[in-house]
Amino acid sequence: MTGRENALHAIRHDGKAEYIPSMADFEMIMPTDVVRERPPYALGKCGSGYDYWGCWWEFEADIGGASPLPGRQPCKDITKWREQVKFPDIDAIDWTPAEAVKKALDRENKLSMFFWESGPWERLHALVGFQEALEALYEEPEAFKELMQAITDFRVRMIPLIKEHYDPDILINLDDFGHQRGQFMSIEMWREFIKPYETQIYDAARANGMICCHHSCGNIDKMVEDIHDTGAEMILGLFYPYNDQEAVAKKMGGKITFIMSTNAQVLDSGHATVDDGIEDAKRQLETLGRYGALVFTPGGSPEVAGAMMEYYFAHRDEYNPYKHASA
């Protein structure tokens with residue numbers, strides 16, 4: 001069984017997986033040179049610029065990334081979004097660079113993941129401002145929902161084109177729902193103002209033959225069941241230590257699979273040690289792996305990531321829920 005086949009079985013929870021999969025069984029498609037939800041460079045690194053919605057992203061060296069700059073949002077009044085929001089011209093997108101990426105994919109051995117930034121909630125607050133978006137939940141709920149639907153309609157139109165030009169196995173929809181101490185809004189408000197639009201995107205992705213993966217930073221452990229209800233079969237996130245990973249795994253293992261669920265604050269700090277990496281590797285296997293809810297993910301420097309993969313290969317059978325289930 002190839003890594004691709006094993007990972008598919010693990011994601012599908014069909015009882016046929018042989019071991020806990022790892023990121024070695026996946027490859028990422030970063031389409032910022034074509035689908036410009038960010039300026040045309042990987043993850044906002046290398047400088048500031050406009051995306052194809054006309055939102056300005058300001059690069060900050062101390063965090064190594066870019067974010068929408070407050071005060072420069074193109075939509076100053078959410079009730080006037082029809083006049084102030086300029087939607088990208090789908091027909092004008094040049095898909096030529098996608099063909100080389102598509103041809104280079106290792107479809108025999110790996111699952112391909114399309115990294116699609118700025119889901120409907122993130123796009124809305126990039127367009128109108130983050131504070132303004134939260135205020136609109138209370139002050140202009142009708143305009144909020146209208147703009148969310150328009151953004152969602154745009155993304156649904158994009159999905160068949162992504163399938164045609166990249167043909168990924170997995171569609172990752174990026175929409176952050178929380179900060180370290182909780183969610184940006186109550187779960188009741190999220191269900192009313194966010195969930196219906198995420199569901200439409202995942203319905204369209206599944207209709208086009210793609211596995212649905214939701215990315216969210218922040219504290220989302222109390223939202224995982226709802227995120228799964230939208231159609232997400234995977235979550236990129238559930239980061240440690242501000243999510244109770246084991247509690248989620250006990251409840252949702254066998255239903256959803258988590259990827260890149262590292263202690264990113266430590267591993268991505270630039271100061272992580274090999275011991276830090278091994279500690280994280282052990283935690284991933286113990287808290288998510290043994291419940292059938294993990295794609296093991298290394299992180300940090302090449303040295304740290306290498307040590308984590310060594311630990312994974314040496315110890316994955318100790319926590320293997322697939323082997324134990326069939327024994």
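The values are calculated or read from the model by the stated rules, or taken from the named source; none is laboratory data. Quantities reported herein were computed from a predicted structural model and do not represent experimental measurements. Cβ sites come from the backbone with ideal geometry, for glycine too, and all protein chains shown count toward neighbours.
For the stretch 211-327, no strands (runs of 3 or more DSSP E) sit wholly inside it while including 3 or more residues that are over 17 Å from residue 174 (Cα atoms), at pLDDT below 95 and of a type in the set (D, E, K, R). Scanning the stretch 89-146 for residues that are polar (S, T, N, Q), closer than 25 Å to residue 185 by Cβ and outside any loop (DSSP other than H, G, I, E, B) yields one hit, 131. Taking the criterion of being in contact (Cβ under 8 Å) with a residue 12 or more places away in the chain, surrounded by fewer than 19 Cβ atoms within 10 Å (Cβ to Cβ) and within 18 Å of residue 7 (Cα to Cα), the only residue of the stretch 291-314 that qualifies is 309. Could you say whether any residue in the stretch 53-64 is within 30 Å of residue 312 (Cβ to Cβ) and either modelled with pLDDT under 95 or among the acidic types (Asp, Glu) (or both)? Taking every residue of the stretch 53-64 in turn, at least one turns out to be within 30 Å of residue 312 (Cβ to Cβ) and either modelled with pLDDT under 95 or among the acidic types (Asp, Glu) (or both).
Could you pull out the residue among 138, 202, 197 that is without any contact (Cβ under 8 Å) to a residue 24 or more places away in the chain and of a type in the set (Phe, Trp, Tyr)?
Of the residues listed, the single one that is without any contact (Cβ under 8 Å) to a residue 24 or more places away in the chain and of a type in the set (Phe, Trp, Tyr) is 138.
Taken over the stretch 188-220, the criterion of being surrounded by 22 or more Cβ atoms within 10 Å (Cβ to Cβ) and among the acidic types (Asp, Glu) is satisfied by 198 alone. Only residues that are in a strand (DSSP E or B) and buried (at least 16 other Cβ atoms within 10 Å of the Cβ) were counted across the stretch 45-66, and they come to 5.
Residues that are touching a strand residue (DSSP E or B) at 6+ places or on another chain (Cβ under 9 Å) and in a helix (DSSP H, G or I) within the stretch 156-188 comprise 158, 159, 162, 163, 166, listed in sequence order.
Step by step: first the residues of the stretch 240-262, then only those that are of a type in the set (A, V, I, L, M, F, W, C), at negative phi and under 12 Å from the mean Cα position of the chain (by Cα), then the one that is surrounded by the most Cβ atoms within 10 Å (Cβ to Cβ). Which residue is that?
Pass one, the stretch 240-262, residues of a type in the set (A, V, I, L, M, F, W, C): 247-249, 252, 256, 258-260.
Now narrow it down to the ones that are at negative phi: 247-249, 252, 256, 258-259.
Among the residues that remain, those that are also under 12 Å from the mean Cα position of the chain (by Cα) are: 258-259.
Working: 258: 28, 259: 26.
Among those residues, the one meeting the criterion is 258.
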